[in-house]
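Below: the structure, in C-alpha cells.
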Amino acid sequence: MITLVTGGARSGKSSFAENIYKGKKDVVYIATSRAEDVEMKERVKKHKSGRPDFWRTYEGTYDIEKAVGSEENYILDCITVLTSNVMFDMSKDLERISGELEKNIEDRVVEIIEKLIKKSADKNIVMVTNEVGSSIVPENHIARVFRDIAGRVNQRVAALSDEVYVVFCGISLKLK
C-alpha cells in the first residue's frame with residue numbers, strides 16, 4: 001500500500017502519517033532532512049522525540065531505498081525536503097535554472113522515490129510532502145522553479161499512490 005500525505009507547513013501531515021502506524025513496532029522512518037545548522041538540528045531532535053524509540057530511523061537523500069529491510073511499514077518524511085536537497089546539489093552555484101535542468105531535477109527526485117517504491121513493493125509506505133503551490137507566487141526565479149518542481153513531483157507521486165490525503169489544521173481529507 002502506497003499512501004501520499006500532503007498539506008501546508010504545520011498542517012499536521014507528519015502526525016497524521018505517523019498515526020497510520022500507531023501501535024506498530026515494525027516501522028522505519030526515512031528522514032530526508034540534513035541537520036547542517038543549529039535550527040535544523042533542533043527540529044530533527046524534536047521530530048525524533050515524538051516518535052517511538054523502537055522505530056528505526058534511516059537518514060538519506062539519494063539512497064533511501066537502502067532503508068528497506070525486514071520491516072513492513074515505512075514513512076518517508078519528506079518528499080519536499082528531498083526535492084530541495086536534490087535541487088540544491090544539482091544547481092547550488094546557479095542564479096538561473098534552465099528548463100532542461102529543471103526537468104532533470106524533477107526526474108531525479110521521482111527516480112529516487114520510484115526506487116524506494118520498487119524495493120518496498122510488498123510493504124506499506126507512507127510518504128509525506130508539502131503543498132507549496134497554494135500560496136503567493138514566489139518573487140525570485142529559484143523559488144518559483146522549486147515550487148514548480150515540487151508541484152510536478154507531487155503529481156507524479158500521487159499517480160503512483162494507492163491513497164492520497166491532504167491535511168488542513170490537523171484534519172485529514174482523503175482525495176484518492
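Here, each number is a calculation from the coordinates, and none is a lab measurement. Remember, predicted model here, so these are calculated numbers, not experimental data. Positions of Cβ are generated from backbone atoms using ideal geometry, with glycine treated the same way; all protein chains shown enter the neighbour counts.
Excluding residue 2 itself, calculate the net charge of residues whose Cβ lies under 13 Å from the Cβ of residue 2, where each Lys or Arg counts +1 and each Asp or Glu counts -1. Combined, the nearby Lys, Arg, Asp and Glu give +1. Convex hull volume per residue, computed on the Cα atoms of region 82-145, equals 89 Å³. Exceeding 20 Å between C-alpha atoms, which entries from my cross-link table qualify? They are 24/123; 66/115; 13/48; 48/92; 92/119; 13/176. Pairs exceeding 20 Å: 48/92; 92/119. If a/c stays under 1.5 just call it rounded; otherwise compare a/b with b/c (prolate if a/b is bigger, oblate if not). Do that for region 1-87, with a ≥ b ≥ c from the square roots of the Cα gyration tensor eigenvalues. Here region 1-87 falls in the rounded category. Relative to the compact-globule estimate of 2.2 N^0.38 Å, the Cα radius of gyration of region 39-111 comes out at 1.35.
Taking amide H positions as modeled 1.01 Å from N, with prolines and chain starts lacking one, no residue 5 or more places away or on another chain lies under 5 Å from residue 34.
Between region 1-27 and region 50-75, the C-alpha centres lie 13 angstrom from each other.
Comparing the chain with the 2.2 N^0.38 Å rule of thumb, its C-alpha radius of gyration ratio is 1.00 (two decimals). Of all aspartates and glutamates in the structure, those lying under 12 Å Cα to Cα from residue 25, and not within fewer than 8 positions of it along the same chain, are 53, 71, 72.
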